[in-house]
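Chemist: Here it is: the structure, laid out below.
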2 protein chains.
Amino acid sequence: MTSESEPQKKAFQVIRVSAPGKVILHGEHSVVYGKRAIALSLDLRTRLTAAVGGDSVSLDLPDVDIKKTWPIETVMELWKNLGYTKDEKIKTLTEEQSHFIRSFLNFGEGITDPKDLAILSFFHLYISILHEPLPISITVGSQLPTGAGLGSSAAYAVCLSGALLHLCDHIDLSKLSLPNSHPDILKTVSEWAYASEKIVHGTPSGIDNSVCTYGGAVSFKAGNIEPIHVPPLKVLLVNTLVPRSTKALVAGVRERKERVRAVVEPILTSLDAIADKGLEILCSLKNANVYDEQVAVHEALDELIDINQALLCAIGVSHPSLDKLVGIAKSHGLHAKLTGAGGGGFGIVVVSPKITKSAIDACCDELRQSGYDVWCTSVGAPGISFHNDI
Amino acid sequence: MTSESEPQKKAFQVIRVSAPGKVILHGEHSVVYGKRAIALSLDLRTRLTAAVGGDSVSLDLPDVDIKKTWPIETVMELWKNLGYTKDEKIKTLTEEQSHFIRSFLNFGEGITDPKDLAILSFFHLYISILHEPLPISITVGSQLPTGAGLGSSAAYAVCLSGALLHLCDHIDLSKLSLPNSHPDILKTVSEWAYASEKIVHGTPSGIDNSVCTYGGAVSFKAGNIEPIHVPPLKVLLVNTLVPRSTKALVAGVRERKERVRAVVEPILTSLDAIADKGLEILCSLKNANVYDEQVAVHEALDELIDINQALLCAIGVSHPSLDKLVGIAKSHGLHAKLTGAGGGGFGIVVVSPKITKSAIDACCDELRQSGYDVWCTSVGAPGISFHNDI
């Protein structure tokens, strides 16, 4: 690729990338105490289209009512004011530069509005990754509900990082479709997404950006993140529509632990063992080739899901809406647990291949009639994907 | 008391005794693995009337359709055939004598019918305890459902042992109404009830006869039984009316433990800690004299009940009927757990003094409308009692 041809190429380039969401399978809450957590990619995807060209930088997120355009001259001015020359390689923003971007966007230091944070993290990635101020029109749509602990901000950051890194030729996303999809590409994307997540979440664990980048499953323990290949598993994702405060739930567990330490500590130990066993089961899934083997593996997984839900109940983070969901699932031969912080929020049902379509449909119907939102989707979905079909 | 006056006294004597049932508060299933269990006396009582006199020995248990009469001559013949002289002090039956009694009653060796076992254990106590064949008419009625794990056979054995020991002047039950109710009397009754329970249950733990004799609470760990004084606590006892097999449930826990040992063992450790904490809380109840203190203690107890139920769920011994009961109780501000083996059977709700009568009534109504049987009763009730009001 020559420097002569590049501006030409960029001027017409339209790329599309997507990234999955995430659900926690095991380890919610106990992860706070250094126990293992297992997250799975969720095939409700965030899709980003980036069209290079025109005379502005625009960010369009119709799902969350964001539509912003900055004339390219303004962005070039910002670029210059940050102290960059025109053709600067990938760079790490200083704290001062970061403050400068905030004031350019008219944001205070303590912004918490997800819309503002989405714009801010876009600008951070745009300036850090690109070599020069590129006129670009970015549109992001998502099947993921936001602020639900389903990794919507990580999926957004992964799409943005991947697209921008690809556009400046730092990585080549088209290589992801090849077998053994290039761990170095994924590592780079995940690291940039993590940098973006830090802007939104302060001190993210790194689980979300990893699972949204790599897809499949991610094991997390004591700071170590390990991506695991798993085949896609059919799930029902269920929204109780009961709002909850993650912070209050985490504090509630801590208080219970302080009140009855000898009771709660072994429960955390058991939750750790559940995640260990869950990891083992997920790894065994790829070798379960015939129906009977798959059913047997799913039976082991169902048992863990039941125990996990009961232990989350024991540490006080379930909710009548979640207990009811578990009961409805059970009445259809399915096994459900809360996923994420609990206290309402979302539940997940992993569907064994032995469950008939009519049983799944009947369960979905009953859940919907009881006021839940239900998605029939899958976990273990591919991570960041490059869609060159346009 | 002279030997001249005694036959005269006995000929007209009518006594009444009663004993409570029992519920497990903490430790069901984990007790199998050497963890602590806490049982509480249940104020659904078994009442026995013994009338000395007439020319026969009769046993009348209208609740379970037993009405048997043996002419006193036949009983005297049995007495002689067992090798006893007329005035024999308390005695331990040999295996041979025990077989002889079975054949006298036309029972085989492997009898399992509760009615047969009730008759057999009566005869064992009658012959072991009494000094001579006494014409007597015994009637037993009970508020306790039988075969429900609520200590009905122990309450029966405690009443029988107490009445027979009193009638032969081995103990004086009238002294039980005095303060500091004579531990030696209770110990004797409990030991005889245990001997009778061995006939019915093979290898009873000793929990049931202890709690039905002493009342209050009993802590049991690794063979050590410790009676604890507790004030009466209001409870709802709830029958799911779902039949269950204790044996299958115990086996199910063992299988789960073998499958996922690292997951189940810490749960058993936590259940042990719950029983330890429960014991501490029960002991603190007698010092909670004012309303606020009582409410605080009950809050701690409610939290343990919630955690305990969740952990029983985690080891696989709950049931949709129990989960539903827990949910209904929770919706009225009450805390429920299964009691006993689980898988259906009974649940218990301990009622804090802060719960209004209307909330209790509403909960009972909803439970009954949902198909449960409900008793408003209390636990921590007095043990064996002597009723000289007739």
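Chemist: With assigned by TED's automatic domain parsing to the domain that holds B:Trp79, under 30 Å from B:Gly27 (Cα atoms), modelled with pLDDT of 95 or more and not in a helix (DSSP H, G or I) as the only criterion, which of B:Gly147, B:Gly141, B:Gly162 stands out?
Modeler: Every option except B:Gly141 fails the conditions.
Chemist: Among residues belonging to segment A:132-155 that are more than 16 Å from the chain's Cα centre (by Cα) and surrounded by fewer than 17 Cβ atoms within 10 Å (Cβ to Cβ), point out the one that is nearest to A:Asn81 (Cα to Cα).
Modeler: Per the criteria, the residue is A:Glu132.
Chemist: Can you name every residue in segment B:319-335 that is more than 8 Å from chain A (Cβ to nearest Cβ) and not aliphatic (A, V, I, L, M)?
Modeler: Within segment B:319-335, B:His319, B:Ser321, B:His332, B:Gly333, B:His335 meet the criteria.
Chemist: Can you tell me which residue within segment B:249-297, out of those that are surrounded by 15 or more Cβ atoms within 10 Å (Cβ to Cβ) and outside any helix (DSSP H, G or I), is nearest to the other protein chains (Cβ to nearest Cβ)?
Modeler: B:Val260
Chemist: How many of the residues making up segment B:304-318 are touching a strand residue (DSSP E or B) at 6+ places or on another chain (Cβ under 8 Å) and either within 10 Å of chain A (Cβ to nearest Cβ) or in a helix (DSSP H, G or I) (or both)? Give the derivation first.
Modeler: Of segment B:304-318, the ones touching a strand residue (DSSP E or B) at 6+ places or on another chain (Cβ under 8 Å) are B:304-306, B:308-309, B:312, B:317-318.
Imposing the further condition that a residue be either within 10 Å of chain A (Cβ to nearest Cβ) or in a helix (DSSP H, G or I) (or both) reduces the set to B:304-306, B:308-309, B:312, B:318.
Qualifying residue count for the region: 7.
Chemist: Exactly one of these conditions fails for B:Leu338: (1) part of a helix (DSSP H, G or I); (2) more than 8 Å from chain A (Cβ to nearest Cβ). Give me its number.
Modeler: (1)
Chemist: Please work out which residue is surrounded by the most Cβ atoms within 10 Å (Cβ to Cβ), limiting yourself to segment B:71-86 and to residues that are hydrophobic (A, V, I, L, M, F, W, C) and in contact with a strand residue (DSSP E or B) (Cβ under 6 Å, 6 or more places away or on another chain).
Modeler: Of all residues in segment B:71-86, those hydrophobic (A, V, I, L, M, F, W, C) come to B:72, B:75-76, B:78-79, B:82.
Narrowing further to those that are in contact with a strand residue (DSSP E or B) (Cβ under 6 Å, 6 or more places away or on another chain): B:72, B:75.
Values: B:Ile72: 16, B:Val75: 21.
Per the criteria, the residue is B:Val75.
Chemist: Out of curiosity, is B:Ser128 modelled with pLDDT of 95 or more and within 28 Å of the chain's Cα centre (by Cα)? Let's see the steps before the verdict.
Modeler: Numbers: modelled with pLDDT of 95 or more: no; within 28 Å of the chain's Cα centre (by Cα): yes.
Against the criterion (modelled with pLDDT of 95 or more and within 28 Å of the chain's Cα centre (by Cα)), B:Ser128 does not qualify.
Chemist: May I ask you to verify whether A:Thr203 is among the hydroxyl-bearing types (Ser, Thr, Tyr) and over 30 Å from A:Gly342 (Cβ atoms)? Please lay out each step first, then the result.
Modeler: Numbers: among the hydroxyl-bearing types (Ser, Thr, Tyr): yes; over 30 Å from A:Gly342 (Cβ atoms): no.
Answer is no for this residue.
Results for (1) of a type in the set (A, V, I, L, M); (2) more than 19 Å from the chain's Cα centre (by Cα), shown as yes or no for each residue.
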{"position": "B:Lys22", "(1), (2)": "no, no"}
{"position": "B:His26", "(1), (2)": "no, no"}
{"position": "B:Ser30", "(1), (2)": "no, yes"}
{"position": "B:Gly34", "(1), (2)": "no, yes"}
{"position": "B:Ile38", "(1), (2)": "yes, no"}
{"position": "B:Leu44", "(1), (2)": "yes, no"}
{"position": "B:Arg47", "(1), (2)": "no, no"}
{"position": "B:Ala50", "(1), (2)": "yes, yes"}
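Rundown of residues vs (1) within 30 Å of B:Gln369 (Cβ to Cβ); (2) at pLDDT 95 or above, yes/no style:
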residue: B:Leu233; (1), (2): yes, yes
residue: B:Val238; (1), (2): yes, yes
residue: B:Arg256; (1), (2): no, yes
residue: B:Glu265; (1), (2): no, yes
residue: B:Lys277; (1), (2): no, yes
residue: B:Lys286; (1), (2): no, no
residue: B:Leu301; (1), (2): yes, yes
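Yes or no, residue by residue, for (1) modelled with pLDDT of 95 or more; (2) outside any strand (DSSP E or B); (3) surrounded by fewer than 21 Cβ atoms within 10 Å (Cβ to Cβ):
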residue	(1), (2), (3)
A:Ala39	yes, no, no
A:Thr46	yes, no, no
A:Val57	yes, no, no
A:Thr69	yes, no, yes
A:Glu88	no, yes, yes
A:Thr92	no, yes, yes
A:Lys115	no, yes, yes
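Quick grid of which residues meet (1) in the same structural domain as A:Thr74 (by TED's automatic domain parsing); (2) on the phi < 0 side of the Ramachandran plot; (3) of a type outside the set (D, E, K, R):
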{"position": "A:Phe122", "(1), (2), (3)": "yes, yes, yes"}
{"position": "A:Asp169", "(1), (2), (3)": "yes, no, no"}
{"position": "A:Asp184", "(1), (2), (3)": "yes, yes, no"}
{"position": "A:Trp192", "(1), (2), (3)": "yes, yes, yes"}
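The values are calculated or read from the model by the stated rules, or taken from the named source; none is laboratory data. Everything quoted here is computed from the prediction, not taken from an experiment. Every residue, glycine as well, gets a Cβ built from its backbone with ideal geometry; the counts of neighbours run over all protein chains shown.
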